[in-house]
1. Of all residues in the range 110-134, which are at pLDDT below 85, closer than 15 Å to Gln179 by Cβ and not small (Gly, Ala, Ser)?
2. Given the structure, is Gly184 of a type in the set (Gly, Ala, Ser) and in contact with a helix residue (DSSP H, G or I) (Cβ under 7 Å, 6 or more places away or on another chain)?
3. Condition check: part of a helix (DSSP H, G or I), farther than 18 Å from Pro81 by Cβ and aromatic (Phe, Trp, Tyr). Does Tyr180 satisfy that?
4. Search the range 141-169 for residues being within 30 Å of Arg186 (Cβ to Cβ) and surrounded by fewer than 19 Cβ atoms within 10 Å (Cβ to Cβ), and hand back the single one that is nearest to the chain's Cα centre (by Cα).
5. Between a first residue in the range 89-105 that is among the β-branched types (Val, Ile, Thr) and a second residue that is surrounded by 15 or more Cβ atoms within 10 Å (Cβ to Cβ) and not in a helix (DSSP H, G or I), which pairs have beta carbons less than 8 Å apart while being 6 or more apart in sequence or on different chains?
6. Where in the range 1-74 are the helices (runs of 4 or more DSSP H), entirely inside, with at least 2 residues that are modelled with pLDDT of 90 or more and either among the charged types (D, E, K, R) or surrounded by fewer than 17 Cβ atoms within 10 Å (Cβ to Cβ) (or both)?
7. Which ones in the range 93-133 are basic (Lys, Arg), surrounded by fewer than 13 Cβ atoms within 10 Å (Cβ to Cβ) and not in a helix (DSSP H, G or I)?
Amino acid sequence: MAENQAGYSAAGLITPANLITIARIIASPILFIMILNADNNGGTSWAAFILGGIFGVSDAVDGRLARATDSVTKAGAFLDPLADKVVVLGCMFSLLSVGRFHWLPVFLIVFRELWISIYRFWLARKSVVIPATELAKWKTFFQGVTLMVAVMPTFENVDWLVTLLLWAAVVMTLITGWQYVWSGYRTSATGSSLP
């Protein structure tokens, strides 16, 4: 028990896994600039596609590294989803700015992400923890795939595919948002956190 508490201590901010996550947050504006300054109006760019792929790999690596080195920390648990939101929402706003995405699906995703972040913070103040569902993990992955396809020059003129993927991401995002709200309600009602 003491070992686990040590693993979640505030002193664990500077770990290899957390440094990768922080680097992803710091480097994210470079990806946004690549999309905004693409040579065409669709925001597609091989440079953005490659950097987005590196971000995706780093997202998988930092979690595995934290578990492999037994260095999972509260800071990491906060920073990793924050990095996901910074990259995903920043890319969506960038693609919206260049006309690649429509405002409505982007608005729905942004609203859900902000609402659930506030809701989870509120639950945390009541010592209620809602673990991420399997669908929520797939949701984040699918959002990333949607962004990768959207910036990939191969699909520059395949607007129907990008629109389809974006709306599928919206559906997954809203469903997982409802799951969080429902789980939070049930957990608060029973007075214990879900397994």
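The values are calculated or read from the model by the stated rules, or taken from the named source; none is laboratory data. What you see is a predicted model; the values in this text were computed from it and never measured. Please note: Cβ atoms are built from the backbone with ideal geometry, for glycine as well, and neighbour counts cover all protein chains shown.
1. The answer is Arg120, Leu123, Val128, Val129, Ile130, Pro131, Thr133, Glu134.
2. On the way: of a type in the set (Gly, Ala, Ser): yes; in contact with a helix residue (DSSP H, G or I) (Cβ under 7 Å, 6 or more places away or on another chain): yes.
The answer is yes for Gly184.
3. Numbers: part of a helix (DSSP H, G or I): yes; farther than 18 Å from Pro81 by Cβ: no; aromatic (Phe, Trp, Tyr): yes.
Here the answer is no, as Tyr180 does not meet what is asked.
4. Phe141
5. These pairs meet every condition: Val98/Ala38; Val98/Gly42; Val98/Gly43.
6. On the way: elements: 2-7, 16-36, 46-68.
So the answer is 16-36, 46-68.
7. So in the range 93-133, the residues basic (Lys, Arg) come out as 100, 112, 120, 125-126.
Narrowing further to those that are surrounded by fewer than 13 Cβ atoms within 10 Å (Cβ to Cβ): 125-126.
The answer is Lys126, and nothing else.
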